[in-house]
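The values are calculated or read from the model by the stated rules, or taken from the named source; none is laboratory data. Please read these numbers as outputs of a predicted model, since none were measured by experiment. Ideal geometry is used to build each Cβ from the backbone, glycine not excepted, and the neighbour counts take in all protein chains shown. Protein only, heavy atoms only, side chains kept; ligands, DNA and RNA dropped before computing areas. Shrake-Rupley method; radii C 1.70, N 1.55, O 1.52, S 1.80 Å.
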Amino acid sequence: MDLNLPPDFELGVATSAWQIEGDVAGRGRCNWDDFAELPGAIVDGATGEPACDHVHRLDEDLDLLTWLGVDAYRFSISWPRVMPTGTGALSPQGLDFYDRLIDGLLERGIRPVATLFHWDLPSPLEAAGGWPERDTAYRFADYAQAMGERYADRVDRWATLNEPWCSAFLGYCSGYFAPGRKEPGASLAAVYHLLLGHGLAIDRLRDLGARNLGIVLNLIPVIAQSESMEAATRHVDGLQNRIFLDLLAGNGIPPDIRESCASVTDWSFVRPEDTPILATPIDWLGENYYSVMRVAEVDSERHVDAIGQDIADIPACPPLRFDPQPPYTDMGWEVLPEGIEMALRKATDHLPDVPLWICENGAAIAEEIAADGTVHDPNRIEYIDDHLRALLRARDRGFDVRGYFAWSLLDNLEWASGWTKKFGLVRVDPATGTRTPKDSARWYRDVLAARTR
Ligand code: IFM
């Protein structure tokens, strides 16, 4: 224990709508519902129903948050639940669900931290072309405005997007995620329109008086394994990190990326008048940190495949290999707690005055379900403990990092991996939905309880 957590350092847990909610009949369809029906798209054939059946088990899940003693809960709003076709009419039933969630948190003294888009795009908008289309950014702003009108008085912190890298590149470049398109040029247009939507949404929310407006990125340190791989590493870093940070900082598309991706796009979707919208000031930046990327020569020995580390995800990728080093989590991700500070530095280099939160960190990792149903997950405890310590060291060295959210409250639908990867502090039996706090949940609860107040 003895983490010496500062009393004002926020600790929470995070989830996202499609991964936990279920109740597909109670909302409009989204890109992930359509994708899940494609043969082989999700490894175990899981779909959004029942997921963790969170909609019907809301009170039980709120009570779990109370039991944990968290300061804040980060959840995402399902766009198709509140606005079933992605535009126009709102669903009273959908709005009521988030009223109950937000009010339930406030009654329990837990701060609501809402993400507007965690990858579940309403199907009609995907059918109209999705994020590669400029219009989607404006539809997102309209949706954000509707959410601000309803919840701005009660949500403590807003994130527009979660990990736009995944929506853009896994969705439209490798097609590993919904909607499964393999069009590198379109994926670059998607990056741009996601961030345009973000900027438009921030303006609308700010006008409504919503407070604490930000975005969550998965910034990943990209490390060259040899001198010969430095140019390739710069390309990967440019698309993983710099393109997002440069657009947010008002610098436009990084010049080296403009050039290196010229074979897949003419960049005609970029408009100079968008620059101030893309760089609309934010009040905070969230980072999701899990691992690093190592770039090695193409013929170097490969030990393990890491999910989300594939040259197919990267437009105009030069020859290279990703080369994660042991120890690994079940995702094939290298465990490197010090990388958290490298990731924070990426943000502060571009946006020096913006406070930071780690909005996700955790591990799908070996665990044992004992005969009595208890779940022993010492490796997850060690992972979170090591990363929290590394984060606090970074804070001591001057990074303005204000809090940490463990991913995730519940075992949930891990996107294309379905139920095969478990990140939860609380086990969810996929057959019955029964919740069982793992050892890591008890440990996190003790960390929260032991904090100097
Ligand atoms: O489950 C995901 C989450 O939805 C976004 N960040 C990474 C997590 C683990 O892959």
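Determine if region 394-409 includes at least one residue that is crowded, with 18+ Cβ neighbours inside 10 Å, touching a Lys or Arg at 6+ places or on another chain (Cβ under 7 Å) and closer than 29 Å to Thr47 by Cα.
yes
So which residues in region 278-321 are in contact (Cβ under 8 Å) with a residue 60 or more places away in the chain, of a type in the set (Val, Ile, Thr), surrounded by fewer than 20 Cβ atoms within 10 Å (Cβ to Cβ) and more than 16 Å from the ligand (Cβ to nearest atom)?
Across region 278-321, the qualifying residue is only Thr280.
Hey, among the residues in region 12-44 that are closer than 17 Å to Phe423 by Cα and not β-branched (Val, Ile, Thr), which one's surrounded by the fewest Cβ atoms within 10 Å (Cβ to Cβ)?
Checked region 12-44; the qualifying residue surrounded by the fewest Cβ atoms within 10 Å (Cβ to Cβ) is Asp44.
I need a count of the residues in region 343-376 that are farther than 20 Å from Val292 by Cα and part of a strand (DSSP E or B).
Residues that pass the stated criteria total 4.
Restricting region 224-266 to residues that are among the hydroxyl-bearing types (Ser, Thr, Tyr) and in contact with a helix residue (DSSP H, G or I) (Cβ under 6 Å, 6 or more places away or on another chain), which is least open to solvent (accessible area, probe 1.4 Å)?
At the first step, the residues of region 224-266 found to be among the hydroxyl-bearing types (Ser, Thr, Tyr) are 226, 228, 233, 260, 263, 265.
Cutting the leftovers down to in contact with a helix residue (DSSP H, G or I) (Cβ under 6 Å, 6 or more places away or on another chain) gives us 260, 265.
Details: Ser260: 47, Thr265: 18 Å².
Only one residue fits best here, namely Thr265.
Only one of Leu101, Leu106 is aliphatic (A, V, I, L, M) and surrounded by 18 or more Cβ atoms within 10 Å (Cβ to Cβ). Can you tell me which?
Numbers: Leu106 fails: surrounded by 18 or more Cβ atoms within 10 Å (Cβ to Cβ).
Matching residue, one of Leu101, Leu106: Leu101.
Conditions tested, residue by residue: (1) touching a strand residue (DSSP E or B) at 6+ places or on another chain (Cβ under 8 Å); (2) within 16 Å of the ligand (Cβ to nearest atom); (3) charged (D, E, K, R).
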| position | (1), (2), (3) |
| --- | --- |
| Trp333 | no, yes, no |
| Glu341 | no, no, yes |
| His350 | no, no, no |
| Glu360 | yes, yes, yes |
| Glu382 | no, no, yes |
| Asp386 | no, no, yes |
| Arg389 | no, no, yes |
| Arg393 | no, no, yes |
| Leu409 | yes, yes, no |
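Residues of region 73-93 being small (Gly, Ala, Ser) and surrounded by fewer than 22 Cβ atoms within 10 Å (Cβ to Cβ), which ones?
First pass over region 73-93, keeping only residues small (Gly, Ala, Ser): 76, 78, 86, 88-89, 91.
Gly88, Ala89, Ser91 - these are the residues of region 73-93 that are small (Gly, Ala, Ser) and surrounded by fewer than 22 Cβ atoms within 10 Å (Cβ to Cβ).
With the structure loaded, tell me whether Ile384 is open to solvent by 10 Å² or more (accessible area, probe 1.4 Å), over 28 Å from Leu247 (Cβ atoms) and among the aliphatic types (A, V, I, L, M) or whether it fails that test.
Working: open to solvent by 10 Å² or more (accessible area, probe 1.4 Å): no; over 28 Å from Leu247 (Cβ atoms): yes; among the aliphatic types (A, V, I, L, M): yes.
Criteria not met by Ile384.
Write out, first by first residue and then by second, each pair whose Cβ atoms fall under 8 Å of each other, whose residues are 6+ apart or on separate chains, and whose first residue, in region 208-225, is more than 22 Å from Glu360 (Cβ to Cβ) while the second is among the polar types (S, T, N, Q) and modelled with pLDDT under 95.
Close Cβ pairs (under 8 Å, with a partner that is among the polar types (S, T, N, Q) and modelled with pLDDT under 95) amount to Gln225/Ser300.
For region 411-425, which positions are away from the ligand (no atom under 11 Å from the Cβ) and either among the polar types (S, T, N, Q) or buried (at least 24 other Cβ atoms within 10 Å of the Cβ) (or both)?
Selection gives Thr420, Leu425.
So is Leu90 of a type in the set (A, V, I, L, M) and not in a helix (DSSP H, G or I) or not? Reasoning before the result, please.
Working: of a type in the set (A, V, I, L, M): yes; not in a helix (DSSP H, G or I): yes.
Answer is yes for this residue.
Output the residues belonging to region 395-407 that are more than 16 Å from the ligand (Cβ to nearest atom) and under 30 Å from Lys421 (Cα atoms). Outline the logic, then answer.
So the first thing to find is which residues in region 395-407 are more than 16 Å from the ligand (Cβ to nearest atom), and the list is 395-403.
Answer for region 395-407, where residues must be more than 16 Å from the ligand (Cβ to nearest atom) and under 30 Å from Lys421 (Cα atoms): Val401, Arg402, Gly403.
Looking for whichever is basic (Lys, Arg), away from the ligand (no atom under 16 Å from the Cβ) and either part of a loop (DSSP other than H, G, I, E, B) or within 13 Å of Glu126 (Cβ to Cβ) (or both) here; the options are Arg181, Arg204. Which one fits? Steps first, please.
Numbers: Arg204 fails: either part of a loop (DSSP other than H, G, I, E, B) or within 13 Å of Glu126 (Cβ to Cβ) (or both).
Being basic (Lys, Arg), away from the ligand (no atom under 16 Å from the Cβ) and either part of a loop (DSSP other than H, G, I, E, B) or within 13 Å of Glu126 (Cβ to Cβ) (or both) holds for just one of Arg181, Arg204, which is Arg181.
Each row is one residue, and each column tells you yes or no for (1) more than 16 Å from the ligand (Cβ to nearest atom); (2) in contact with a helix residue (DSSP H, G or I) (Cβ under 6 Å, 6 or more places away or on another chain); (3) in a helix (DSSP H, G or I).
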| position | (1), (2), (3) |
| --- | --- |
| Leu125 | yes, yes, yes |
| Asp153 | yes, no, no |
| Leu161 | no, yes, no |
| Cys166 | no, no, yes |
| Gly171 | no, no, yes |
| Gly175 | yes, no, no |
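Name every residue in region 45-72 that is crowded, with 18+ Cβ neighbours inside 10 Å and assigned to a helix (DSSP H, G or I), in order of residue number.
Passing the criteria: Asp61, Leu62, Leu64, Leu65, Leu68.
So which residues in region 1-36 are more than 18 Å from the chain's Cα centre (by Cα) and assigned to a helix (DSSP H, G or I), if there are any at all?
Of everything in region 1-36, those that are more than 18 Å from the chain's Cα centre (by Cα) and assigned to a helix (DSSP H, G or I) turn out to be Val24, Ala25, Gly26, Asp33, Asp34, Phe35, Ala36.
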